[in-house]
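Notes for the one structure printed next.
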Amino acid sequence: MGALDPEVVDAVWSAVEALLPPPPRDDHPLGCHRPRVDDRTCFEAILVRLVTRCSWVDIERLMGNRVSDTTRRARRDGWVASGLFDALADEALAAYDRMVGLDLADCSVDASLQKAPRAQDEIGPSPVDRAKRGWKWSLFADRNGIPLGWVAAGAKRNDCVLLEPTLAAVVTRGLAAECEALHLDRGYDNSVVRAAVAAVGVAGLVCARVRPRGEATTTRTVPLGLRWRSSAPTLGFPTSDSSVATPTGVSRTASPNWPSQSSSCSRPSSSTGATAGPRLMPIRGVSFSLNPPIRFASTR
């Protein structure tokens, strides 16, 4: 079922309609203002914007010129200022927890950069895109990738600086204390982060440690940690540093069938089809093997 199906739009609108602020009073002495565009039309236009990511001008054509792009942006800004979307997110998370259930055994926090060439607020020079204008968001997700808290800032803000407000957003929803383990990458490996995590009541912290100088050239087998891919085009998929992900989570321990670092790699025969043995693949200091092995076709 698509996000723009009438059944989905009606269901979401029923939740949004109850949270709408009252319309402003028309105090014009002659009462000659143009009729106010109804909220349902503006909501449908914003929904099209979120789903298709097209421009506001294109949405005006798709909506049959029923509402102008200026009116849509003004209505959106008014709803943001009234806290409508924050209340809608709280209601959506509560409904998901009631019907499906949040898995807070393993949570993760990560940040990603986004481009914003024409934005005015929460922007900054991107450190990875030739100082072009952009923004960064930090996201807290449960084991299944459901976002529970987030914060936006300029593109140049450090991930560790955004961790504390991200945790504060989760604390506001009363979910931080239920998190059993929080997974972070090694960019968060410092005492300030550990103190911030302990202050919100998170029981355990799984953080990849920064290795001493000279040790990073060696290869060793380590457990895989949980990491949130916040730059994914669709939400709901946590992933490890090696990008091995499943819809329900990531295996954090290496397979018992994987060879040790000293295992040798068998080579395929050049005359007949053969099966290659497990091959070690050193990636970021972690030993992996292909299991089951790759089958090579005959060269003749």
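The values are calculated or read from the model by the stated rules, or taken from the named source; none is laboratory data. Because the structure is predicted, anything quoted here is derived from the model rather than measured. Don't worry about glycine lacking a Cβ; one is built from the backbone with ideal geometry, like all the others, and counts go over all protein chains shown.
Return yes or no: is THR41 free of Cβ contacts under 8 Å to residues at least 40 places away in the same chain and within 22 Å of ASP5 (Cβ to Cβ)?
Numbers: free of Cβ contacts under 8 Å to residues at least 40 places away in the same chain: yes; within 22 Å of ASP5 (Cβ to Cβ): yes.
Considered against the rule, which asks whether it is free of Cβ contacts under 8 Å to residues at least 40 places away in the same chain and within 22 Å of ASP5 (Cβ to Cβ), THR41 comes out as yes.
For region 56-85, which positions are assigned to a helix (DSSP H, G or I) and farther than 30 Å from GLY149 by Cβ? Before the answer, list the steps.
Taking region 56-85 as the starting set, the residues that turn out to be assigned to a helix (DSSP H, G or I) are 56-62, 69-81, 84-85.
If the condition is that a residue be assigned to a helix (DSSP H, G or I) and farther than 30 Å from GLY149 by Cβ, then VAL57, ASP58, GLU60, ARG61, LEU62, ASP69, THR70, THR71 are the ones that fit.
Could you please let me know if GLU178 is touching a residue at least 12 places away in the same chain (Cβ under 8 Å) and under 30 Å from ASP39 (Cβ atoms)? If you could, list the steps in order and put the result at the bottom.
On the way: touching a residue at least 12 places away in the same chain (Cβ under 8 Å): yes; under 30 Å from ASP39 (Cβ atoms): no.
So GLU178 does not fit the description; no.
Answer yes or no: is there a residue in region 91-100 that is within 22 Å of SER55 (Cα to Cα) and of a type outside the set (Val, Ile, Thr).
If we filter region 91-100 for residues that are within 22 Å of SER55 (Cα to Cα), which is where we start, we get none.
Among the residues of region 91-100, not one is within 22 Å of SER55 (Cα to Cα) and of a type outside the set (Val, Ile, Thr), which makes the answer no.
Taking region 149-164, which residues are surrounded by fewer than 22 Cβ atoms within 10 Å (Cβ to Cβ) and within 22 Å of LEU88 (Cα to Cα)?
Taking region 149-164 as the starting set, the residues that turn out to be surrounded by fewer than 22 Cβ atoms within 10 Å (Cβ to Cβ) are 150-154, 156-162, 164.
Residues satisfying the conditions are TRP150, VAL151, ALA152, ALA153.
Return the total of residues in region 169-178 being in a helix (DSSP H, G or I) and under 18 Å from ALA203 (Cβ atoms).
Selection size over region 169-178: 5.
Can you name the residue in region 164-215 that is modelled with pLDDT under 85 and touching a Lys or Arg at 6+ places or on another chain (Cβ under 9 Å) and is also farthest from GLY145 (Cα to Cα) among such residues?
Checking each candidate, the answer is ARG211.
Take the residues of region 104-144 that are touching a Ser or Thr at 6+ places or on another chain (Cβ under 9 Å) and under 16 Å from GLU180 (Cα atoms): which is surrounded by the fewest Cβ atoms within 10 Å (Cβ to Cβ)?
ASN144
For region 26-46, enumerate the residues that are surrounded by 11 or more Cβ atoms within 10 Å (Cβ to Cβ) and either among the basic types (Lys, Arg) or over 13 Å from ARG75 (Cα atoms) (or both).
Filtering region 26-46 down to residues surrounded by 11 or more Cβ atoms within 10 Å (Cβ to Cβ) leaves 36-46.
Hits for region 26-46 are ARG36, ARG40.
Return the only residue of LEU30, LEU88, LEU113 being in a helix (DSSP H, G or I) and either of a type in the set (A, V, I, L, M, F, W, C) or over 30 Å from VAL193 (Cα atoms) (or both).
On the way: LEU30 fails: in a helix (DSSP H, G or I); LEU113 fails: in a helix (DSSP H, G or I).
Testing whether each residue is in a helix (DSSP H, G or I) and either of a type in the set (A, V, I, L, M, F, W, C) or over 30 Å from VAL193 (Cα atoms) (or both) leaves just LEU88.
In region 5-25, what residues are part of a loop (DSSP other than H, G, I, E, B), exposed (fewer than 13 other Cβ atoms within 10 Å of the Cβ) and not small (Gly, Ala, Ser)? Even if it seems obvious, please write down each step before you answer.
Of the residues in region 5-25, the ones part of a loop (DSSP other than H, G, I, E, B) are 5, 18-25.
Next cut, exposed (fewer than 13 other Cβ atoms within 10 Å of the Cβ) only: 5, 18, 21-25.
Once the filter is applied, which keeps residues that are part of a loop (DSSP other than H, G, I, E, B), exposed (fewer than 13 other Cβ atoms within 10 Å of the Cβ) and not small (Gly, Ala, Ser), region 5-25 yields ASP5, PRO21, PRO22, PRO23, PRO24, ARG25.
I'd like to know if region 134-143 contains one or more residues that are in a loop (DSSP other than H, G, I, E, B) and more than 11 Å from the chain's Cα centre (by Cα). Before you say what the answer is, go through the steps one by one.
Within region 134-143, the first condition is being in a loop (DSSP other than H, G, I, E, B), and the residues that meet it are 142-143.
Among the residues that remain, those that are also more than 11 Å from the chain's Cα centre (by Cα) are: 143.
Scanning region 134-143 turns up at least one residue that is in a loop (DSSP other than H, G, I, E, B) and more than 11 Å from the chain's Cα centre (by Cα).
Can you go through GLU122, GLU60 and tell me which one is under 18 Å from LEU139 (Cβ atoms), at pLDDT below 90 and not hydrophobic (A, V, I, L, M, F, W, C)? Reasoning before the result, please.
Numbers: GLU60 fails: under 18 Å from LEU139 (Cβ atoms).
Sole residue among the options that is under 18 Å from LEU139 (Cβ atoms), at pLDDT below 90 and not hydrophobic (A, V, I, L, M, F, W, C): GLU122.
Which ones in region 182-208 are more than 26 Å from ASP86 (Cα to Cα) and not in a helix (DSSP H, G or I)?
Across region 182-208, the qualifying residues are ASP185, ASP189, ASN190, ALA203, GLY204, LEU205, VAL206, CYS207, ALA208.
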